[in-house]
Amino acid sequence: MKQLELKYSFDALEPYIDALTMETHYSKHHKTYTDNLINAIVNNNQLQNRSIEDLLTNLDKLPKEVQATIRNNGGGYYNHNLFFDILSPNPSKNPSNDLLNQINKDFGSFENLKNELINAGLSQFGSGWAWLVKDENKNLKVIKTANQDTPLELGLSPILGIDVWEHGYYLKYKNLRKDYLVNIFEVIDWNKVEEYYNK
Ligand SMILES: [Fe+2]
């Protein structure tokens, strides 16, 4: 398990995400999730040899004593790896190809999808995530989860995750979660989302 290496500097997503938020989010919050996950499985070869996707998909079958740690910190590790990966200072701001076709089929338009994601993030009470996920037939859906819970345990693969924990926006946006949700689309790279869709 390894924390995703950032391909951009902490201030690269300004003004949409401020440098201090990025630095704290990546170097403190995400690092802590990663360290806690590694510590939880360091003495268990069997768990270490499994992928994070496998562990999170099969949470209920894991040994009781590591279940909560893997749900919370393994979830935090996995979710943030995806989140930081799909953000870019030079994003492709519109989906294309198969992904665009599927978005039009499942949501009617890209604009509708964006609104659904914003509403999912706004209506998530407390901490959590808004997701664009694909099912096994590559159909798309917008869902939300609480805390660091992932779509994987629901049998769904996330291709885009928007962090709505206050640690992701509060320094700049304070209580205005909607402004954060609207602005984050300025730095979401749909080429990257498409890569996850095609995986
Ligand atoms: Fe976060």
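The values are calculated or read from the model by the stated rules, or taken from the named source; none is laboratory data. Given the structure is predicted, the values throughout are model-derived calculations rather than measurements. Cβ coordinates were reconstructed from backbone atoms using ideal geometry, including for glycine residues, and neighbour counts include every protein chain displayed.
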- prompt: From the list P91, P63, which one is in contact (Cβ under 8 Å) with a residue 24 or more places away in the chain and farther than 17 Å from T150 by Cα?
  reply: P91
field: Residues satisfying the stated conditions in the range 1-48, i.e. assigned to a helix (DSSP H, G or I) and over 18 Å from Y77 (Cα atoms)
entry: A19, L20, N45, Q46
query: Does the range 101-123 contain at least one residue that is at positive phi and touching a strand residue (DSSP E or B) at 6+ places or on another chain (Cβ under 6 Å)?
result: no
query: Yes or no: I41 more than 19 Å from F83 (Cβ to Cβ) and either of a type in the set (A, V, I, L, M, F, W, C) or not assigned by TED's automatic domain parsing to the domain that holds G74 (or both)?
result: yes
message: Residue under question is T32, and the condition is that it be within 12 Å of the ligand (Cβ to nearest atom), more than 14 Å from the chain's Cα centre (by Cα) and over 24 Å from P151 (Cα atoms); does it hold?
response: no
task: Please work out if T57 is within 26 Å of G168 (Cβ to Cβ), modelled with pLDDT of 95 or more and away from the ligand (no atom under 14 Å from the Cβ).
output: yes
- prompt: Within the set of pairs 6 or more residues apart or between chains, which connect a residue that is farther than 14 Å from A146 by Cα inside the range 73-84 to a residue that is buried (at least 21 other Cβ atoms within 10 Å of the Cβ) and aromatic (F, W, Y) with Cβ atoms less than 6 Å apart?
  reply: Y77/Y33
Matching residues in the range 152-172 - criterion: being within 16 Å of the ligand (Cβ to nearest atom), outside any loop (DSSP other than H, G, I, E, B) and crowded, with 20+ Cβ neighbours inside 10 Å: P158, L160, G161, I162, D163, G168
query: In the range 173-198, how many are outside any helix (DSSP H, G or I) and under 16 Å from F83 (Cβ atoms)?
result: 3
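When you check L37 against the structure, is it within 16 Å of the ligand (Cβ to nearest atom), under 22 Å from P151 (Cβ atoms), among the aliphatic types (A, V, I, L, M) and touching a helix residue (DSSP H, G or I) at 6+ places or on another chain (Cβ under 6 Å), yes or no? Steps first, please.
On the way: within 16 Å of the ligand (Cβ to nearest atom): yes; under 22 Å from P151 (Cβ atoms): yes; among the aliphatic types (A, V, I, L, M): yes; touching a helix residue (DSSP H, G or I) at 6+ places or on another chain (Cβ under 6 Å): yes.
The answer is yes for L37.
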message: Any residue that is within 16 Å of the ligand (Cβ to nearest atom) and farther than 25 Å from K7 by Cα - is there at least one of those in the range 129-142?
response: no
